[in-house]
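The values are calculated or read from the model by the stated rules, or taken from the named source; none is laboratory data. Please read these numbers as outputs of a predicted model, since none were measured by experiment. With ideal geometry, Cβ positions are generated from the backbone for all residues, glycine too; neighbour counts draw on all protein chains shown. Accessible surface areas use protein heavy atoms only, side chains included; no ligands, DNA or RNA. Shrake-Rupley method; radii C 1.70, N 1.55, O 1.52, S 1.80 Å.
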Amino acid sequence: SAWIPIGRNFIELFQPTDPAKAVGRFIARQGEGVYAIVFLVKDVDAQVSRLRSQGAQVLESPTPPELPRKRAFILRGCMKGMLIGIMTAETVAFESGTPFPA
């Protein structure tokens with residue numbers, strides 16, 4: 001995985017290191033291309049409530065220890081096949097010369 005900062009945003013690129021591991025299996029099933037778009041928000045819980053009130057199916061993801069940010073995903077079926085994520089913005093930081101995640 002590589003993070004490319006673009007202003008206050010970023011692009012994450014993946015390349016499998018082993019076709020039998022998760023990224024390799026995913027690319028074998030889905031093919032190459034854009035997988036997800038993630039929006040940084042101040043309050044994930046408020047956005048999840050708003051999205052659900054508008055009919056979106058939202059999956060709240062447990063936050064793994066290596067990613068100390070709350071996050072959730074709008075399921076692909078609601079978004080014409082694209083996975084859309086939301087993640088807390090206040091902990092995201094770009095340090096001089098250090099791409100996300102800092």
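Okay, here's what the table says:
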| quantity | calculated |
| --- | --- |
| Residues located in region 3-15, provided they are over 21 Å from Met82 (Cβ atoms) and surrounded by 10 or more Cβ atoms within 10 Å (Cβ to Cβ) | Pro5, Arg8 |
| Close pairs (8 angstrom Cβ cut-off, 6 or more residues apart or separate chains): at positive phi in region 32-58, of a type in the set (A, V, I, L, M, F, W, C) and outside any loop (DSSP other than H, G, I, E, B) anywhere | Gly55/Cys78 |
| All positions within region 18-56 that are over 16 Å from the mean Cα position of the chain (by Cα), in a loop (DSSP other than H, G, I, E, B) and surrounded by fewer than 10 Cβ atoms within 10 Å (Cβ to Cβ) | Asp18, Ala20, Gly31, Glu32, Gln54, Gly55 |
| Candidate set: region 57-69, residues that are assigned to a loop (DSSP other than H, G, I, E, B) and open to solvent by 80 Å² or more (accessible area, probe 1.4 Å); chosen: the one modelled with the highest pLDDT | Gln57 |
